[in-house]
Amino acid sequence: MTPDETRHPGAPERTPSARSRKAETEAPTVAAEDARQGEIILRTRRRRIIFISGLVGFVVLVLVMRILA
């Protein structure tokens with residue numbers, strides 16, 4: 001028997017073109033050395049405000065939790 005005969009009737013057909021389409025949609029691979037040491041880039045005023053408010057909100061939450069505990 002050939003591999004085509006043993007395949008399930010409802011199984012998708014495997015062709016080289018299907019593999020190449022999958023390779024086109026995959027994300028690029030990044031080496032570990034290149035992925036380390038990212039930096040936060042806050043280019044707009046709005047992003048800076050949101051980021052700083054999150055930090056301040058976290059500190060306020062910790063203070064409130066300590067007072068209530």
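Remarks
- Placing dummy labels 7 Å off each Cα toward the beta-carbon, the span from Arg46 to Glu33 is 3.9 nm.
- Chain lengthening between Thr25 and Met65 when straightened (0.36 nm per residue, less Cα-Cα): 9.8 nm
Bear in mind these aren't lab numbers, they're just calculated from the coordinates by the rules spelled out. Bear in mind that the values here come from a model prediction, so they are computed numbers and not experimental data. With ideal geometry, Cβ positions are generated from the backbone for all residues, glycine too; neighbour counts draw on all protein chains shown.
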